Amino acid sequence: MGEIKNIEKFHIFSAVYYGSSVNWKQFAQEGKMEIAFIGRSNVGKSSLTNSLCGNRKLAHVSREPGKTRTINYYDVQSRRTVDGTEERQSWFLVDLPGYGFAKTSGKNAEDWSSFIDDYIMNSPELALICLLIDSRHPDLDIDEKAYAWLGTSGVPVLVIGTKGDKLKASEKQQNRRKLASNYPSVYPPVIYSSLKGTGKGEVLHIIESIVCR
Ligand SMILES: Nc1nc2c(ncn2[C@@H]2O[C@H](COP(=O)(O)OP(=O)(O)OP(=O)(O)O)[C@@H](O)[C@H]2O)c(=O)[nH]1
Ligand SMILES: [Mg+2]
């Protein structure tokens with residue numbers, strides 16, 4: 001009888017809340033790779049965190065914008081099997097507060113908190129920034145500003161179009177093309193639905209290429 005090879009796809013098998021901070025220095029010395037989610041308030045960052053990790057109770061999701069106010073670190077363990085050999089990876093998924101929402105009006109109402117800025121610019125372990133954009137609105141000024149600014153960090157950006165379940169199939173194709181032209185990146189944009197889990201394979205595949213190198 002031939003031997004049955006156990007080939008296992010890359011997946012996250014454990015994700016645990018690690019800590020919250022408004023100061024990038026607090027966790028910076030851990031030396032683990034970090035993948036961060038950034039995007040407008042209410043775009044679905046916390047929902048995506050939960051969807052990717054397969055745990056609906058991990059990050060707090062809210063219908064009200066401005067739910068996540070701190071930099072939240074999740075300690076993630078992933079694994080894959082290559083030619084019968086299991087490989088494990090340990091990294092941080094970092095859920096950031098949203099931008100474009102402020103209870104106070106004024107000059108900085110549209111800006112993100114300065115600690116997001118500090119975090120992005122001062123995290124040597126930051127290997128990928130996932131920029132989440134509502135797939136129904138692929139050309140908002142505030143997202144274009146965020147994208148332009150993120151480009152100065154030198155960290156690769158993956159654009160994820162969220163709430164894909166709210167688009168018709170034809171709109172999905174069209175808006176994916178718009179995302180690709182508005183936010184060019186080494187990675188093609190992914191249309192995601194945290195509600196249905198669509199796009200999860202594509203995002204995990206890109207994460208795999210980063211955490212397994
Ligand atoms: N239909 C649909 N709704 C979604 C999806 N993802 C998130 N939502 C909803 O959008 C709202 C905001 O989701 P969150 O995940 O809390 O968004 P966030 O970006 O973390 O928001 P802040 O922490 O406030 O910046 C909630 O009501 C979610 O249920 C999705 O894929 N499909
Ligand atoms: Mg959130």
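The values are calculated or read from the model by the stated rules, or taken from the named source; none is laboratory data. Predicted model, so just to flag it, every value in this text is computed and none were measured. Please note: Cβ atoms are built from the backbone with ideal geometry, for glycine as well, and neighbour counts cover all protein chains shown. Please note that ligands, DNA and RNA were not included when accessible areas were found on the heavy atoms of the full protein model with its side chains. Shrake-Rupley method; radii C 1.70, N 1.55, O 1.52, S 1.80 Å.
Restricting to the stretch 45-62, count the residues that are in a loop (DSSP other than H, G, I, E, B) and open to solvent by less than 20 Å² (accessible area, probe 1.4 Å).
Matching residues across the stretch 45-62 total 1.
In the stretch 28-44, the qualifying residues are those that are open to solvent by less than 10 Å² (accessible area, probe 1.4 Å) and among the small types (Gly, Ala, Ser), and the one that is farthest from ligand 2 (Cβ to nearest atom) is ALA36.
If you scan the stretch 33-44, which residues turn out to be out of contact with any helix residue (DSSP H, G or I) (no Cβ under 8 Å at 6 or more places or on another chain) and part of a strand (DSSP E or B)? Walk me through how you get there before you give the answer.
Residues of the stretch 33-44 that are out of contact with any helix residue (DSSP H, G or I) (no Cβ under 8 Å at 6 or more places or on another chain), as a first pass: 34, 41-44.
Passing the criteria: only GLU34.
Among the residues of the stretch 152-170, the ones that are open to solvent by less than 60 Å² (accessible area, probe 1.4 Å), of a type outside the set (A, V, I, L, M) and not in a helix (DSSP H, G or I) come to 5 in all. Taken over the stretch 25-44, the criterion of being within 13 Å of the chain's Cα centre (by Cα) and more than 15 Å from LYS196 (Cα to Cα) is satisfied by GLU34, ILE35, ALA36, PHE37, ILE38, GLY39, ARG40, VAL43.
For the structure I just gave you, tell me whether PRO189 is over 27 Å from PHE10 (Cβ atoms) and crowded, with 16+ Cβ neighbours inside 10 Å. Can you show your working first?
Details: over 27 Å from PHE10 (Cβ atoms): no; crowded, with 16+ Cβ neighbours inside 10 Å: yes.
Taking the combined requirement at face value, the residue does not satisfy it.
Taken as a whole, the structure leaves LYS67 outside the set of residues that are closer than 19 Å to PRO156 by Cα and either touching a residue at least 12 places away in the same chain (Cβ under 8 Å) or among the small types (Gly, Ala, Ser) (or both).
Is it the case that the stretch 9-20 has a residue that's of a type outside the set (Val, Ile, Thr), part of a loop (DSSP other than H, G, I, E, B) and either open to solvent by 80 Å² or more (accessible area, probe 1.4 Å) or touching a His at 6+ places or on another chain (Cβ under 7 Å) (or both)? Looking through the stretch 9-20, at least one residue is of a type outside the set (Val, Ile, Thr), part of a loop (DSSP other than H, G, I, E, B) and either open to solvent by 80 Å² or more (accessible area, probe 1.4 Å) or touching a His at 6+ places or on another chain (Cβ under 7 Å) (or both).
When you check VAL76 against the structure, is it in a strand (DSSP E or B) and either open to solvent by less than 50 Å² (accessible area, probe 1.4 Å) or among the hydroxyl-bearing types (Ser, Thr, Tyr) (or both), yes or no? Yes; evaluated as a whole, the condition is true for this residue. Residues in the stretch 171-204 that are assigned to a helix (DSSP H, G or I), under 13 Å from the mean Cα position of the chain (by Cα) and not basic (Lys, Arg): GLU202, VAL203, LEU204.
State whether the residues of the stretch 140-151 include one that is touching a helix residue (DSSP H, G or I) at 6+ places or on another chain (Cβ under 6 Å) and open to solvent by less than 30 Å² (accessible area, probe 1.4 Å).
At the first step, the residues of the stretch 140-151 found to be touching a helix residue (DSSP H, G or I) at 6+ places or on another chain (Cβ under 6 Å) are none.
No.
For the stretch 48-83, filtered to residues that are more than 25 Å from GLN26 (Cα to Cα) and of a type in the set (S, T, N, Q), the residue that is nearest to the chain's Cα centre (by Cα) is SER51. Just to be sure I understand the filter: pairs with C-beta atoms under 6 Å, separated by 6 or more residues or on different chains, first member in the stretch 181-203 and under 15 Å from VAL43 (Cα atoms) and within 16 Å of ligand 2 (Cβ to nearest atom), second member assigned to a helix (DSSP H, G or I) and open to solvent by 50 Å² or more (accessible area, probe 1.4 Å). Which pairs pass? Taking only residues 6 or more apart or on different chains, the pairs are LEU195/ASP165.
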